[in-house]
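The values are calculated or read from the model by the stated rules, or taken from the named source; none is laboratory data. The structure displayed is predicted, hence computed values, not measured ones. When we count neighbours, we look across all protein chains shown, and the Cβ atoms used for this are built from the backbone with ideal geometry, even at glycine.
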């Protein structure tokens, strides 16, 4: 996770699969919760990710932004190639987001953020990387939007956010970009 010097960040917790922090832009801004997430790649352990989000949501009375590679889709059309996703996996993900009060923010750019890198007919693409927020966060940053970049040398495309932060005393009038790329080191 990288940020500019005008972004305040206070780390709350972390693991191999998450970073949970308080963040604010500028000195006079309110603190909000940020979670960087890496959904467990093993289907049989994906529920651990949903349990983690449920746990973190109990602490999140502030505006909350959750961004990362969830390793799951919300709808069948978010995956292309070979087989479809098991409906119970999609349902579990949707149920978790509903329970914790997060909603997908949508995006501009390409639908798919991940590709297995194989040649047709074995190519699989999916929208695994996304940004979700609670209603308090979307009210705090009403003009925020997510951009999916083109796939390059990685199997995941970069995603970035333009927050168009609220105007606060001493903050200036320039648009600031909050960038997040879902990259997790193997440890």
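Is it the case that residue 37 is in contact with a helix residue (DSSP H, G or I) (Cβ under 8 Å, 6 or more places away or on another chain), assigned to a strand (DSSP E or B) and within 20 Å of residue 93 (Cα to Cα)?
Details: in contact with a helix residue (DSSP H, G or I) (Cβ under 8 Å, 6 or more places away or on another chain): yes; assigned to a strand (DSSP E or B): yes; within 20 Å of residue 93 (Cα to Cα): yes.
Yes.
Need pairs with beta-carbon distance below 6 Å; first residue over 20 Å from residue 133 (Cα atoms) and within the stretch 148-167, second at pLDDT 75 or above and loosely packed, with under 14 Cβ neighbours inside 10 Å; sequence gap 6+ or separate chains.
Going by the 6 Å Cβ cut-off, the qualifying pairs are 155/117.
From 82, 111, grab the single residue that is touching a strand residue (DSSP E or B) at 6+ places or on another chain (Cβ under 8 Å) and either surrounded by fewer than 15 Cβ atoms within 10 Å (Cβ to Cβ) or assigned to a loop (DSSP other than H, G, I, E, B) (or both). So that I can check it myself, show each step before the final result.
Values: 82 fails: touching a strand residue (DSSP E or B) at 6+ places or on another chain (Cβ under 8 Å).
The conditions single out 111.
Looking at this structure, is residue 88 part of a helix (DSSP H, G or I) and either touching a strand residue (DSSP E or B) at 6+ places or on another chain (Cβ under 7 Å) or surrounded by 19 or more Cβ atoms within 10 Å (Cβ to Cβ) (or both)?
When the stated conditions are applied, residue 88 does not pass them.
Checking residue 93 against (1) at negative phi; (2) surrounded by fewer than 20 Cβ atoms within 10 Å (Cβ to Cβ), which test does it fail?
The failed condition is (2).
Kindly check whether there is at least one residue in the stretch 48-56 that is more than 26 Å from residue 156 (Cα to Cα), modelled with pLDDT of 95 or more, out of contact with any helix residue (DSSP H, G or I) (no Cβ under 7 Å at 6 or more places or on another chain) and surrounded by fewer than 20 Cβ atoms within 10 Å (Cβ to Cβ).
The answer is yes; a qualifying residue exists.
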